[in-house]
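Single-structure report; data block below.
The values are calculated or read from the model by the stated rules, or taken from the named source; none is laboratory data. From a predicted model like this one, the values you see are computed outputs, not experimental measurements. Because the Cβ atoms are built from the backbone with ideal geometry, glycine has one as well, and the counts that use them run over all protein chains shown. Just so you know, the surface numbers come from the protein's heavy atoms only, side chains and all, with ligands and any DNA or RNA stripped out. Shrake-Rupley method; radii C 1.70, N 1.55, O 1.52, S 1.80 Å.
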Amino acid sequence: MGKKMVILGAGESGTGAAVLAKAKGYDVFVSDLSVIKPVYKEMMDARGIAWEEGQHTESIVLAADEIVKSPGIPDKAAIIQKLKEKGTSIISEIEFAGRYTNSKMICITGSNGKTTTTMLTYHILKQAGLDVGLAGNVGNSLALQVAEQPHAYYVLELSSFQLDNMYEFKADVAILMNITPDHLDRYNYEFQNYVDSKFRIIQNQTEEDVFIYWNDDPVIAREIAKHNPKAALYPFSETKKEGVKAFTENKQIVIETDNGIFTMDQDQLALTGTHNLYNSLASGIAAKVTDIKDDEIRASLSDFAGVEHRLEKVARVRGVDYINDSKATNVNSCWYALQSMNTPVVLILGGTDKGNDYTEIEELVINKVHSLIFLGVDNTKLHAFFDGKVPVIEDAQSMEEAISKAYKLANKGDTVLLSPCCASFDLFKNYEDRGNQFKACVLNL
């Protein structure tokens, strides 16, 4: 038999890694502490891949030559600690897939904006006729595509958890949108640990590669000085400054690259708001350095439909707009959402706190929000911070209750905004489930 590989976690990434490992002759075993979804069981059964659910059989797991770990499994998990004591190699699905492809990799990370930037970049390349796959946190797993549906280009959204177990993998184009505190519960509540994780996006890059980043992020600026990247640097900013390669000037966006200068009227961009300007600039640079034609970039930047659960307009009911921003699982995401509001707001916050500091949104909440609804099992921390700062504060234990209260509190011309700042796992399966429940409740009003 071949080298023994155990895959921990049988979700999208784990199952994809198992399919690739089987195709490459590994002796594969998949182990998941939870119940495996039927679609993934069927995929593994069809390819003769052994699996277990509801447990980790230590005699099998600890005998592995190499482990592919789901990004959702923390390093403090008992089985991971035992593997580390043994010195077993533990890698991510992306790292594993990268061994078996020479395709061009456009990789995007950041605390906020990475999904929109990923989807927009993919949209531009796809519309331009390139053979491109979408993977990472979105789309089908990279490993599955490398095994069975290979593409010449991949656009990858990478979380810090995925980057943590990537070592040899290299991004041809790396995009870092921003770095603000997030997931600190996974990083021993040390912000620098999280920052170090994000900067793994540029590891292994050479002079032939490209690094795109937000010029005005103080954390990125500090870290660039420390890392001294080898790649060609493409900073972007809202305004023209020395060294900046993409910016706005005279109501136009301008992108300067070795492939020429791209310009476009800013009011033609499909996505509005400052945060979306940054997403459009980053995607535009990635497309331009990939040598997509200017007219194709313009067309895609002007017709992109946006991302579900990210400032998604759901409905207007009795003159009140309802906006689903369930993907705002950290404080900085909520800051962007509130910054873009031009009406009085009823804000729905809450969920599983990840070590949040709400100071960042305090001023915006005081100035724009007249009613807060805390949607979570434990709202103690939210009350401790916000009580006395907003005229009305209510608690809700379900989405139905939250929407019912928001409906009563909102006045004509207001916006009801779901932008929770928190993870969703206390009351919902995930942020998609939370957003879908929000939409369903709103449409039932």
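Would you check which residues across region 10-42 are surrounded by fewer than 20 Cβ atoms within 10 Å (Cβ to Cβ) and in contact with a helix residue (DSSP H, G or I) (Cβ under 6 Å, 6 or more places away or on another chain) and list them?
ALA23, the sole residue that qualifies.
Given the conditions (1) open to solvent by less than 20 Å² (accessible area, probe 1.4 Å); (2) under 19 Å from ASN276 (Cα atoms), and given that ILE348 satisfies all but one, which numbered condition is not satisfied?
Of the numbered conditions (1) open to solvent by less than 20 Å² (accessible area, probe 1.4 Å); (2) under 19 Å from ASN276 (Cα atoms), the odd one out for ILE348 is (2).
Out of region 399-417, which residues are surrounded by 13 or more Cβ atoms within 10 Å (Cβ to Cβ) and outside any helix (DSSP H, G or I)?
Result: ALA410, ASN411, ASP414, THR415, VAL416, LEU417.
Any residue in region 426-441 that's among the small types (Gly, Ala, Ser): show its pairings with residues that are open to solvent by 60 Å² or more (accessible area, probe 1.4 Å) at Cβ separation under 8 Å, as long as the two are six or more apart or on different chains.
GLY435/GLU308
Within region 227-279, how many residues are open to solvent by less than 30 Å² (accessible area, probe 1.4 Å), under 22 Å from THR115 (Cβ atoms) and modelled with pLDDT of 90 or more?
Qualifying residue count for the region: 11.
Of everything in region 405-434 that's in contact with a Ser or Thr (Cβ under 6 Å, 6 or more places away or on another chain) and hydroxyl-bearing (Ser, Thr, Tyr), which residue is modelled with the lowest pLDDT?
TYR431
Rundown of residues vs (1) under 18 Å from LEU163 (Cα atoms); (2) assigned to a loop (DSSP other than H, G, I, E, B); (3) open to solvent by 20 Å² or more (accessible area, probe 1.4 Å), yes/no style:
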| residue | (1), (2), (3) |
| --- | --- |
| THR118 | yes, no, no |
| TYR122 | no, no, yes |
| LYS126 | no, no, yes |
| GLY129 | no, yes, yes |
| ALA135 | yes, no, no |
| VAL138 | yes, yes, yes |
| HIS151 | no, yes, yes |
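Just give me the residues in region 376-387 being open to solvent by 80 Å² or more (accessible area, probe 1.4 Å) and either without any contact (Cβ under 8 Å) to a residue 12 or more places away in the chain or charged (D, E, K, R) (or both), in sequence order.
ASP378, THR380, LYS381, ALA384, ASP387
Check whether at least one residue in region 244-253 is assigned to a helix (DSSP H, G or I), in contact (Cβ under 8 Å) with a residue 12 or more places away in the chain and farther than 30 Å from SER92 by Cα, and report yes or no.
No, every residue in region 244-253 fails to be assigned to a helix (DSSP H, G or I), in contact (Cβ under 8 Å) with a residue 12 or more places away in the chain and farther than 30 Å from SER92 by Cα.
Identify, from the list ILE108, ILE73, the residue that is buried (at least 23 other Cβ atoms within 10 Å of the Cβ) and either within 16 Å of the chain's Cα centre (by Cα) or in a loop (DSSP other than H, G, I, E, B) (or both).
Sole residue among the options that is buried (at least 23 other Cβ atoms within 10 Å of the Cβ) and either within 16 Å of the chain's Cα centre (by Cα) or in a loop (DSSP other than H, G, I, E, B) (or both): ILE108.
Being farther than 21 Å from LEU83 by Cβ and of a type outside the set (Gly, Ala, Ser) is the filter; apply it to region 43-70 and report the residue that is surrounded by the most Cβ atoms within 10 Å (Cβ to Cβ).
MET44
Could you list, in sequence order, the residues of region 348-376 that are touching a Phe, Trp or Tyr at 6+ places or on another chain (Cβ under 7 Å) and either among the aromatic types (Phe, Trp, Tyr) or in a strand (DSSP E or B) (or both)?
LEU349, THR352, TYR358, LEU372
What's the total number of residues in region 351-368 that are open to solvent by 10 Å² or more (accessible area, probe 1.4 Å) and more than 22 Å from the chain's Cα centre (by Cα)?
7
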